[in-house]
1. Quick one: order Val193, Val129 by neighbouring beta-carbon count within 10 Å, fewest to most.
2. Across segment 126-136, in residue order, what do the Karplus-derived ³J(HN,Hα) couplings come to in whole Hz, using 6.51 cos²θ - 1.76 cosθ + 1.60 with θ = phi - 60° and x for Gly and Pro?
3. Given H placed 1.01 Å from N in the peptide plane, which residues other than close sequence neighbours of Ala504 have an amide H under 5 Å from its amide H?
4. If you average the C-alpha positions of segment 101-139 and of segment 26-99 separately, how far apart do those two centres end up, in angstrom?
5. With everything on Cα atoms, drop me the angle between helix 47-56 and the longest principal axis of the chain, reported from 0 to 90° to the nearest 10.
6. Quick one: Karplus J couplings for segment 168-177, per residue in order, coefficients 6.51, -1.76, 1.60, θ = phi - 60°, nearest Hz, x for Gly and Pro?
7. Using only Cα atoms, tell me the angle between helix 374-384 and the longest principal axis of the chain; keep it within 0 to 90° and round to the nearest 10.
8. So between Leu267 and Arg461, what do we pick up on full extension, going 0.36 nm a residue minus the alpha carbon distance?
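Nothing in this text is a laboratory measurement; each read-out follows from the coordinates by a stated rule. Here the structure is a predicted model, which means the values were calculated and not measured. For neighbour counting, all protein chains shown are included, and Cβ atoms are generated from backbone atoms with ideal geometry for every residue, glycine included.
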Amino acid sequence: MHRTVDTATVPPRRHPSRAARTVLPLGAGVLATLIALAGAWIPSFWWDEAATISAADRTLPELGELLGKIDAVHGAYYALMHYWFDLVGISELTARLPSAVAIGVAAAALVQLARILAGTRFALVAGAVFMILPRTTWAGTEARSYAMVAAAAAVTGLVLVVALRSTRRLWWLLYALLMALSTVLFLYSAVLVAAHAVTVAVTPARRRWWFLVAAAGAGLLAAPFAVLAVSQSRQVGWVPPLDSTVVRTILVEQWFPGAVPFALCCLVLVVAGAIASAWRGDATTVAVSAVAVPWLLVPIAAFLGYSAFASNIYIGRYLIFTTPAVALLVALAVVLLLRSRVAVVVAVLALAAAALPAYVAQRQPWGKPGGMDYSTVADDVAARAAPGDCVTFQPSVSWQPTSLRSVEQARPDAFADLVDIGFGESAVDLVSLWDSDATPDQVAARARDCDVVWVVTDGERDDASEYLHPANVRWQFAPFHFVDSDLYRALAADGFVVSDRMPANHSQLVRLQQTAR
């Protein structure tokens, strides 16, 4: 029986106040920052983060010279971190705090975007999913630009949707500026223009041609940077060719590193949500999908296509700017499939439980890729070495492309009062990220004025092993014994003997005492 409703008796729908619209994203941003920051200071620095510190911990002219040769793709981030380190100094916490804050900015923008698209409940779920995504929580503990890239993408996506719904042209100007900034922050983000073009094409809006103007303006603003960055494309020459591991990269490592159960939960939810959407599609589903689906699929298709027909540039973490889209799609599935608030809360808590092991693993002392232990070694040096002691570094190890001098470049504070007898040429003079090392014979000659020499060297290892990095690179850990190294032989010939060893995970700190005098 059809029943009519007297609209006069239906209370008008209440729109959230301006204060409520501000509190929701602000609260989400603060909570996301706290989740990302919790324990972020615990993991040891690793090679990538040492590169950040090496670049940022130099003068602006020196940094400009470096970026003209290599790593321009990270230039904006390095410049920001230069000023940040000048203000607060270098430590695991200070290096990663900007990333945790950026995760908060991304969460706030995403929640506001989700609220515009489908209301408060959807916004809350989307924000919660984003906060616990393993790729998000990983980025919050990484002293690299990834978290800021995700934040820039989320803010730009929000401004795009607002611009499509507004008659004010200033929103398109802001979109152009943000899109240019996103590209300068990370060149891969430029592909979002193509994703946004799909969104604009399928979204009913007046004056959609303003998008073309804004996109062209963003391209012009970012063009000089893009030309420079592309000229340095050899920087990703280390990426192996595509192979069958790309399936795992897309389904797991791209958004759910170390969290296969969480990835399976999200996959099941999204598939079931898509079926439910097809069965009873509504305007909410269309609005969210128009934004999230191109945001997710266009970058994947673009980079897979380029990698298949040119050279491989597909690394899971490089597509971190798609994480907000993942959160939108998972949240859409949750609200489509579960109608009661209790069921929604239970679903989010179940997802959080599935993500928890990865979250905890990311915050272990050796939680970085391959179990890097730079901070452990630096802490041992700071605790045990006396001012005026000598120090040197193993000039080559099997598992990274530079010497272990990168430990000092990650944590210069721990070595500030020591005499570096292994120093070759500075990274600044070499216009490189890395200092070079003296030869073992040069080190031995300089050690003649030392009573104690500390050596940061490879760990003792009887058997070879390997580690498959998530970027599909195999790190080789060759057998090693310090007393068999050229560096030890040269020092031993001048009367030095091993007096103590402090093993870490892959490295060790060895104390040598002069006995010939």
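1. Val193, Val129
2. Per-residue couplings from phi come out as 4, x, 5, 4, 4, 4, 9, 4, x, 5, 5 Hz.
3. When sequence neighbours closer than 5 places are left aside, the close amide H contacts are Leu509.
4. 23 Å
5. Roughly 90 degrees between the two axes.
6. Karplus values, whole Hz, x for Gly and Pro: 8, 6, 4, 5, 6, 5, 5, 4, 4, 5.
7. Between helix and principal axis, roughly 50 degrees.
8. Roughly 65.8 nm would be gained on extension.
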